[in-house]
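Notes to accompany the following structure.
Quick note: the coordinates plus some simple rules give every number you see, no bench work behind them. Because the structure is predicted, anything quoted here is derived from the model rather than measured. Because the Cβ atoms are built from the backbone with ideal geometry, glycine has one as well, and the counts that use them run over all protein chains shown.
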Amino acid sequence: MRSIKTRDDSITFFNEKYQEAYHSKTVGAIEEAEIKYIKPCNLKDGMVILDFCFGLGYNSLAALMKLNQTTIIAIENDEEILKQIETIEVPKQYQEKYKIIKQVAQNKEFDHGKIKIKLILGDAKEIIKTLTQRFDVVFFDPFSPKKCPELWTEQIFKDIEKLMKPGAILTTYSCATQIRKNMEAAGLIVKDGPILGRKSPGTVAFK
Ligand SMILES: C[S@@+](CC[C@H](N)C(=O)[O-])C[C@H]1O[C@@H](n2cnc3c(N)ncnc32)[C@H](O)[C@@H]1O
């Protein structure tokens, strides 16, 4: 897997199967997690987070940088990308918390005091139908709607909406019109998310 150094010195990869990078190549990969995924969430200790498409774990990492107490349920279907996590060196300020992400990638679980993370390996479409937790925050981060349309459907958003607490927020990088229509058809209230590095915003959706 080809690695790419991004503008904040964090590493991302290029996925040959999807012909797409795991993060935008024009901004920092961890920066993208912090601005597009964390900034709109008003994260508070105790919140329960769904990390839908864990990848390199940067969205969960960015959440751990803000929280002393949380439960994260993460979903990922590719063992190869989880193996790559072992090889990644993140910028210094993230190293301590990325050790947790490395443990999660290896053991599929981390449960120390107030931080609990469970990584479920498999198809996100199927796994969300089996979850019983209720979430305050959803990081929605599949490959793009063009490359991975099966994860951006109305049905997926309906399944996720059922798992969101009233007032919960979903954050994502895409602002594609059809995606927003699918979110609205699932009952979510859709707004512009933060802009980073290009003109179009991300999307935030509320229950
Ligand atoms: C854009 S990347 C996620 C980046 C990640 N959030 C991060 O911070 O590094 C999309 C991820 O979705 C995963 N994926 C693709 N199809 C999937 C599926 N059906 N179920 C679960 N994960 C899937 C890919 O393996 C990839 O890791």
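What to note about this one:
- When Rg and Dmax are taken over the Cα atoms of the chain, they come to 15.6, 43 Å.
- Taking amide H positions as modeled 1.01 Å from N, with prolines and chain starts lacking one, the residues under 5 Å from F13 and 5 or more places away or on another chain are I4, Y22, H23.
- Of K25/K165; K17/K99; K66/K199; K83/K199; K5/K83, those spanning more than 30 Å from alpha-carbon to alpha-carbon: K25/K165; K83/K199
- Taking amide hydrogens as placed 1.01 Å from N in the peptide plane, the amide H of I120 sits under 5 Å from those of A74, I75, E76, each at least 5 positions away in sequence or on another chain.
- Spin-label model, K66/K191: points 7 Å from Cα along the beta carbon direction are separated by 1.4 nm.
- C-alpha center-to-center spacing [the range 75-145, the range 1-32] in angstrom: 17 Å
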